[in-house]
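S.K.: Dropping a structure here in structure tokens format, bear with me for questions.
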Amino acid sequence: MCYQVKKIYNNNIILAEDDKLSEVILLGKGIAFQKKPGDAIEETSIDKKFVFESAESSSKFLTLLKEVPFNQVELSSKIIAQAQEELKVKFHDSIYIGLTDHISYTISRYKAGMMMKNALLWEIQNYYPKEYAAAKNALSLIEYYERIHLSEDEIGFIALHFVNAQQEGEELQLTMIVTEIVNDILSIVKYHYQIELDEDSLNYNRFVTHIRFFARRLLQEEIHASDDEFLYEQIRNKIPQAKLCADKVKDYFIKKFNVTISQEEMIYFMLHINRVAEREIKGKSTP
């Protein structure tokens, strides 16, 4: 297969075209050195190829690649390849975006001393034992390459990415309801803060992913109440506007599904809401 440079993003990342004029993202250490658009790329210089089904997914991944260190992108690819082999599945391409972003963010949080508890750890262990086992092996890869030891809670977070990547073909009815929930919650955030959300931002995509996880568990009756009073009080006092907005989300689920969100789930909503709204609020206040 012959590849031709279409656009250079940095020394390690190239957007190229193959023989059929299909776009492909090529990664390799120094792959773009002394290259320019139109030049051919030798197969031996390519470490990883990414071909996405949609231009939107390709664009999101390229945005992510600008923010995530190259070694962490490589690490995520190794984790995905290992998990697919262990689980005997082919993940949806979206996992390269979601999991790469998650791993990079987790490493940053670890170095800043900000690790999070996983409210769903018991459920993940019991409902998705194979994915949990694969995620546990993923932690070993992270420890080997990054020299950090992550907690058991992180196994659960990674396992959910493995689960989600196999559910892209979920039945139409479930997809429609999940989509409605996502749109409703995003509307609550927009009206509460009186802002438009940046749909191309990583914080937006993180928030949408979280809502989708929660909505699926809600519709499949896998929601289990769990509270953390101390952490809940800390966060609600630190980001009061996000707490007020999360209360509106809580009311929405009570009225529409007769489900009360636990304190631990409220913590996640408050954090995501604060992150997704923060940049837009600052942008509005800038003269």
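S.K.: Looking at region 130-141, can you tell me whether even one residue there is within 10 Å of A159 (Cα to Cα) and not in a helix (DSSP H, G or I)?
M.R.: First, the residues of region 130-141 that are within 10 Å of A159 (Cα to Cα): 130-136, 138.
Then keep just the ones that are not in a helix (DSSP H, G or I); that gives none.
No: zero hits.
S.K.: Output the number of residues of region 152-202 satisfying the condition of being under 22 Å from I103 (Cβ atoms), modelled with pLDDT of 90 or more and assigned to a loop (DSSP other than H, G, I, E, B).
M.R.: 0
S.K.: Of (1) touching a residue at least 60 places away in the same chain (Cβ under 8 Å); (2) of a type outside the set (S, T, N, Q); (3) closer than 24 Å to K49 by Cα, W122 satisfies all except one. Which?
M.R.: Among (1) touching a residue at least 60 places away in the same chain (Cβ under 8 Å); (2) of a type outside the set (S, T, N, Q); (3) closer than 24 Å to K49 by Cα, the lone unmet condition for W122 is (3).
S.K.: So, K7, is that one over 26 Å from A165 (Cα atoms), touching a Pro at 6+ places or on another chain (Cβ under 9 Å) and not in a helix (DSSP H, G or I) or not? Don't jump to the end; show me each part of the working.
M.R.: On the way: over 26 Å from A165 (Cα atoms): yes; touching a Pro at 6+ places or on another chain (Cβ under 9 Å): yes; not in a helix (DSSP H, G or I): yes.
Yes: the conditions hold for K7.
S.K.: Condition test on D198, is it touching an Asp or Glu at 6+ places or on another chain (Cβ under 7 Å) and at negative phi?
M.R.: yes
S.K.: While we're on this one: Can you tell me which residues in region 15-54 are free of Cβ contacts under 8 Å to residues at least 24 places away in the same chain and either exposed (fewer than 11 other Cβ atoms within 10 Å of the Cβ) or in a loop (DSSP other than H, G, I, E, B) (or both)?
M.R.: Answer for region 15-54, where residues must be free of Cβ contacts under 8 Å to residues at least 24 places away in the same chain and either exposed (fewer than 11 other Cβ atoms within 10 Å of the Cβ) or in a loop (DSSP other than H, G, I, E, B) (or both): D18, D19, K20, L21, G28, G30, I31, F33, Q34, E42, T44, S54.
S.K.: Looking at K66, K35, which is the one that is in contact with a strand residue (DSSP E or B) (Cβ under 8 Å, 6 or more places away or on another chain) and modelled with pLDDT under 85?
M.R.: On the way: K35 fails: modelled with pLDDT under 85.
Exactly one of K66, K35 is in contact with a strand residue (DSSP E or B) (Cβ under 8 Å, 6 or more places away or on another chain) and modelled with pLDDT under 85, namely K66.
The values are calculated or read from the model by the stated rules, or taken from the named source; none is laboratory data. Please read these numbers as outputs of a predicted model, since none were measured by experiment. Glycine gets a Cβ as well: all are built from the backbone with ideal geometry, and neighbour counts include every protein chain shown.
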